1. Collect residues whose amide H, placed 1.01 Å from N in the peptide plane, falls under 5 Å from the amide H of V47; neighbours closer than 5 in sequence don't count.
2. Taking 2.2 N^0.38 Å as the expected size of a compact globular protein, what ratio does the Cα radius of gyration of segment 68-115 give against it, to two decimals?
3. Could you give the Stokes-Einstein D for the chain in µm² per second, using the C-alpha Kirkwood radius, 20 °C, 1.002 mPa s?
4. Kindly write out, for segment 71-85 in residue order, the coupling ³J(HN,Hα) from the Karplus curve 6.51 cos²θ - 1.76 cosθ + 1.60 (θ = phi - 60°), rounded to whole Hz, with x marking Gly and Pro.
5. Under 23 Å between alpha carbons: how many lysine pairs meet that in the chain, if sequence neighbours fewer than 8 apart on the same chain are excluded?
6. Just to check I understand the Karplus step: with θ = phi - 60° and J = 6.51 cos²θ - 1.76 cosθ + 1.60, what whole-Hz values come out for segment 42-50, glycine and proline as x?
7. Quick one: accessible area per residue over the chain, 1.4 Å probe, rounded to a whole number of Å²?
8. Using the Karplus equation 6.51 cos²θ - 1.76 cosθ + 1.60 (θ = phi - 60°), what ³J(HN,Hα) coupling, rounded to whole Hz, does each residue of segment 19-33 give in order, writing x for Gly and Pro?
Amino acid sequence: VQLQASGGGLVQAGGSLRLSCAASGSISSIDTVGWYRQAPGKQRGWVAVISSGGGTNYADPVKSRFTISRDFAKNTVYLQMNNLKPEDTAVYYCNSWPIPVKNYWGQGTQVTVSS
């Protein structure tokens, strides 16, 4: 399975973006998929996860603003990001959770939020 994140861009504070994580193989082979992000000078950390059963969890900074969803038919996991803040600026990646697989890291997608 290969995972590719896309959908990033430049947006003003308060705006929205929807990221997509497309799997080349069956994403159902990954029980829990997570979105991660890495800001300049900071460590990569998870922001949202979704299990094969649809259970979700969010990191505190994004609760009530981000929504993760999963479409098995399209082999895709989405991250809807609303009310974006400058501190959300980062490169976003998708991978398995809680233990990411080295070979699943792709190029990520850049999200830049201007104030």
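1. Amide H to amide H, under 5 Å and 5 or more residues apart or across chains, V47 pairs with W35, Y36, R37.
2. On the way: Rg = 12.7 Å, N = 48, 2.2 N^0.38 = 9.6 Å.
That ratio works out to 1.32.
3. Values: Rh = 13.8 Å.
For these conditions, the coefficient is 155 µm²/s.
4. 10, 5, 5, 9, 6, 9, 10, 10, 10, 8, 10, 10, 6, 5, 10
5. On the way: K42/K63; K42/K85; K42/K102; K63/K85.
Eligible lysine pairs with Cα atoms under 23 Å apart amount to 4.
6. The phi angles translate into 10, 6, 6, x, 7, 10, 7, 9, 9 Hz.
7. Working: 5900 Å² over 115 residues.
In whole numbers, the chain has 51 Å² accessible per residue.
8. 8, 10, 10, 9, 9, 6, x, 7, 6, 5, 6, 9, 5, 10, 9
The values are calculated or read from the model by the stated rules, or taken from the named source; none is laboratory data. Since the structure is predicted, the reported quantities are computational estimates derived from the model, not experimental observations. Side chains are part of the model used for accessible areas, which takes the heavy atoms of the whole protein and leaves out ligands, DNA and RNA. Shrake-Rupley method; radii C 1.70, N 1.55, O 1.52, S 1.80 Å.
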